[in-house]
Each structure stands twice: as structure tokens, then as C-alpha cells.
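See structure below.
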Amino acid sequence: IRVSFTGEQGFELHVAAEDAAALYDAIWAHPAAAREGLRAFGSAAVNSLRMEKGFCVKADLDYAHWTEAGIEPFVALERPKAAHEFLGRHSAPPGAAPRRAALFEVATAPGFEWSVPSDCPVRDARGALVGFTTSCAHGAETGKTLAKGFVLCDASAAGGAPPVPLAAPGDAGLVVECYGESWPVLVLERPPVGVRGMPAKGSAPGAVAPSRIAAAPR
């Protein structure tokens, strides 16, 4: 199956359990393995790569069903409706949810680059709660700590207007409280690294160009 949780070009190989070891050995023994510099990597590398593309894990999704947090991370509503109809599209317009899925860039203290756990509150310059984290990783390409989470919305908008997010990209003075410290945090407009093998549409300005991943932790 041509699918990759890391956002890199890759495949999942599905075989009978009793054939898995033989397949693994055959891949490593192939001449292309030495030619391409094949090496093993673990879940830390997978987590690092998926976070830079903004992919969610179960920890991120457990905090709010799409009816509570919006469906924008999962569908492209700008596509023609006739080509992209689905049940619920018209009953859950963008921005109508009391919270919004978010990707944060966190300036952690040295030694905590991988250590922004879930439930860390995000506060504005006045100390008001504006969001919280759900998972994090240190980006292999960006070299920055990234955290998934949610931004809360102001549901008191008048005239039936959609709730307004309490924090947005470009807001200054935001911090995440973690381990008794307050670390500066930015709300990112979009993931900093684009998915490989896909059109560049939606990737951030200055996003890292496709290349071999040399810095991914083992």
C-alpha cells in the first residue's frame, strides 16, 4: 500500500506473519539497500517526521470530535462541491466549532525538546487560557519543537457569527506552561514541511525542499 504516516514517499508491506522475517532479510540483502544507504529507524523518527507535516495521532484526536473542533484538518473544502460532497459538509461549516485544531512551535528550555506532554495550557499575555497541547516532537528537518493541540474559541459572537479563535498565527506573548516553566509558543498557520510526492500547494513559504532525511533520530 502506497501510504506513509511520516509524510514521506513510502509503502506499507502487508504479508503473513510467518513471512515477515524472510521479507525483512530479503530487503536488507538487496543491492539497492547498500546503494541507497538503507538503515533502520524507530518511532521517535516517525513521530518527528509526522509532526512536521501536521499529522495527528490518537492522542490528538481523542480530545475533540470533528463536530467540536472543525473538519478543516481532514478535508479540502475549497475543492468543487460536486467533486467533493460528503455527509455533514453543509451542517458543519468551517469556523463553527468551539475549538480549532492547531500546530504550535514551542521554544523549550534545553533538554526539553521532546518533552511537551498533553494537557499543557497555552496562555496569552494576560494569562488567559487560549488553548492546550496534545502531543509533541522535535522536528528532524526544522530543528524546532512542534506540538499539536487546540485553540479555544470565543463562543459569544453576536448575530450568530462563527466563534472567534482566542489565538491566531502572528499573535505575540503566547506561552505554554510546562514543568513549572512558561515557554514562548507560536501558532503556526500551516505545517512547516510539505508532504513528499504531493503538489506543493499549501506548504509554508520557505518550507524545506524534498531531500533525504539525514538528521532523523534513530
Using a 1.4 Å probe, how large is the accessible area of L152, given in Å² and rounded to the nearest 10? 40
At a 10 angstrom cut-off on C-beta neighbours, averaged per residue, how do the peptides 17-30, 135-148, 35-48, 103-116 rank from highest to lowest? 135-148, 103-116, 35-48, 17-30
Search the structure for amide H atoms under 5 Å from the amide H of T145, placed 1.01 Å from N in the peptide plane, and list their residues when 5 or more places away or on another chain. V106, T108, G139
Phi angles of region 174-182, converted by Karplus (6.51 cos²θ - 1.76 cosθ + 1.60, θ = phi - 60°) into ³J(HN,Hα) in whole Hz with x for Gly and Pro, give 7, 9, 10, 8, 8, 6, x, 10, 10
Could you order peptides 2-13, 50-61 by the average number of other Cβ atoms within 10 Å of their residues, highest first? 50-61, 2-13
The extension gain from E36 to A128, computed as 0.36 nm times the residue separation minus the Cα-Cα distance, is 28.1 nm
Built amide H within the under 5 Å cut-off of A102, gap 5+: G149, F150, V151
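The values are calculated or read from the model by the stated rules, or taken from the named source; none is laboratory data. Owing to the predicted nature of the structure, the values given are computational and were not obtained by experimental measurement. So basically every Cβ, Gly included, is an ideal-geometry build from the backbone, and we count neighbours across all protein chains shown. Heads up: the accessible areas ignore ligands, DNA and RNA and are worked out on the full protein's heavy atoms, side chains in. Shrake-Rupley method; radii C 1.70, N 1.55, O 1.52, S 1.80 Å.
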